[in-house]
Amino acid sequence: MSYSKQQRRGFIKALTIGGAGSAAPKWLSANTSYPNRPIRLIVPWTAGGSSDLVLRVVGQKLTDILGVPIAIENKPGASGTLGIIELLKAKPDGYTLTQIPLGVISAPLMRSVPYDPLTDISYIANLSSYTNGLVVRANSPIRTVQDYISQARAQPGTVSYAVAGLGTYAHLATEEFAYRAGIKLLGVPYKGDADALQGLLGGHVMSLASSTSWAANVDDGSCRLLAVYSQQRIDRWPSAPTFKELGFDTIPDSPFGIAGPKGMSPDIIAKLEAALKKVMGDPAVIDVLGKFNMPVSFLGTPEYRRMIESTYHGQAQMIKRLGLGG
């Protein structure tokens with residue numbers, strides 16, 4: 001059977017319209033029905049640390065809101081960047097998410113990594129920020145930051161501090177402090193805050209620079225908090241000065257947000273953003289954040305992305321000044 005040119009055109013047009021019509025509902029269904037299966041939330045730190053404990057409660061509350069299980073998966077190491085490495089393998093369908101620590105932003109400025117933090121990540125929302133401090137064991141002869149500086153000047157490069165990976169907030173903030181104090185320290189990387197704390201308690205390092213995994217130990221007297229990196233003193237430990245008031249400006253507070261792979265649907269991002277905003281008002285989440293002195297500092301998707309971009313450019317300048325770049 002032969003067809004005229006006009007018939008062939010009409011046949012092709014019908015196929016095109018039919019194909020588009022059948023494809024559109026499938027795409028819309030994928031978004032309007034999201035989520036309809038478990039969501040994987042990668043925690044790029046060891047189990048038992050402050051980030052892990054906070055995100056487990058966040059996951060429970062997301063489950064209540066979204067109606068699907070949130071499966072927590074710990075991927076510690078590489079200064080908190082293994083979550084991003086996993087995202088590179090995942091489809092941008094909203095079923096693989098990870099926490100974004102500062103190390104994700106600073107790592108590309110210090111070494112070769114297989115991602116670009118400005119183009120390869122779908123930023124969803126910032127939830128909080130870490131409170132970081134410099135801690136020693138209670139039996140340490142170091143009682144103040146000035147004692148710490150004096151010992152470091154007397155023995156350059158031998159005063160050690162545990163840190164949850166190179167390029168993390170605590171590592172960079174401590175190196176910034178050392179730069180401004182004119183001292184040289186020895187940073188010892190661990191897979192996460194919980195491991196770093198054990199390194200301090202076990203006597204393997206002289207000090208610990210990290211988020212408040214040390215909180216209970218400072219409260220029970222087994223550790224001494226020398227100073228905090230926050231802009232203001234912390235109500236829970238009012239006697240601990242800030243590095244800023246001691247004359248050592250460090251970097252801004254460390255972000256704590258959630259993201260997915262690049263290319264996620266705006267509809268799915270918006271649904272997750274709304275759910276996370278609701279989660280951050282839940283008393284159980286506020287309570288667990290309070291245990292680690294992490295304030296609620298929610299930023300929606302546009303504001304979060306702007307903060308990431310600003311942080312990236314600020315980190316680039318600081319890392320170059322400190323000579324930490326690759």
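Assorted remarks:
- Residues in region 41-94 that are of a type in the set (D, E, K, R) and touching a helix residue (DSSP H, G or I) at 6+ places or on another chain (Cβ under 7 Å) were compared, and the one that is nearest to Gly133 (Cα to Cα) is Lys75.
- Qualifying residue in region 183-205 (condition: within 19 Å of the chain's Cα centre (by Cα) and among the β-branched types (Val, Ile, Thr)): no
- In the condition set (1) under 15 Å from the mean Cα position of the chain (by Cα); (2) at pLDDT 90 or above; (3) buried (at least 22 other Cβ atoms within 10 Å of the Cβ), Tyr161 is compliant with all but (1).
- Residue in region 54-69 that is farthest from Lys291 (Cα to Cα), counting only those that are of a type in the set (Val, Ile, Thr) and surrounded by fewer than 21 Cβ atoms within 10 Å (Cβ to Cβ): Val68
Here's the yes/no breakdown for (1) hydroxyl-bearing (Ser, Thr, Tyr); (2) surrounded by fewer than 24 Cβ atoms within 10 Å (Cβ to Cβ):
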| position | (1), (2) |
| --- | --- |
| Lys184 | no, yes |
| Asp195 | no, yes |
| Leu200 | no, no |
| Val205 | no, yes |
| Ser210 | yes, no |
| Ala215 | no, yes |
| Asp219 | no, yes |
| Ser222 | yes, yes |
| Ser230 | yes, yes |
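- Residue, surrounded by the most Cβ atoms within 10 Å (Cβ to Cβ), within region 116-158, restricted to residues that are in contact with a Lys or Arg (Cβ under 8 Å, 6 or more places away or on another chain) and within 30 Å of Lys89 (Cβ to Cβ): Tyr123
- Matching option when the condition is under 23 Å from Gly80 (Cβ atoms), small (Gly, Ala, Ser) and in contact with a Pro (Cβ under 9 Å, 6 or more places away or on another chain), among Gly260, Gly290: Gly260
- Residue within region 17-39 that is modelled with pLDDT of 85 or more, surrounded by 13 or more Cβ atoms within 10 Å (Cβ to Cβ) and within 13 Å of the chain's Cα centre (by Cα) present: no
- Members of region 78-94 found to be touching a residue at least 24 places away in the same chain (Cβ under 8 Å) and of a type outside the set (A, V, I, L, M, F, W, C), listed by number: Ser79, Gly80, Thr81, Gly83, Glu86, Lys91, Pro92, Asp93, Gly94
- For beta carbons closer than 9 Å, sequence separation of 6+ or different chains, a first residue in region 258-270 that is under 15 Å from Glu303 (Cα atoms) and in contact (Cβ under 8 Å) with a residue 12 or more places away in the chain and a second that is surrounded by fewer than 16 Cβ atoms within 10 Å (Cβ to Cβ) and of a type in the set (Ser, Thr, Tyr), there are no qualifying pairs.
- Strands (runs of 3 or more DSSP E) contained in region 80-155 and holding at least 3 residues more than 16 Å from the chain's Cα centre (by Cα): 132-137
- Subset of region 271-326 that is farther than 21 Å from Ser230 by Cβ and polar (S, T, N, Q) - its residue that is surrounded by the most Cβ atoms within 10 Å (Cβ to Cβ): Thr301
The values are calculated or read from the model by the stated rules, or taken from the named source; none is laboratory data. Bear in mind that the values here come from a model prediction, so they are computed numbers and not experimental data. As a convention, Cβ positions derive from the backbone with ideal geometry for all residues, glycine included, and neighbour counts pool all protein chains shown.
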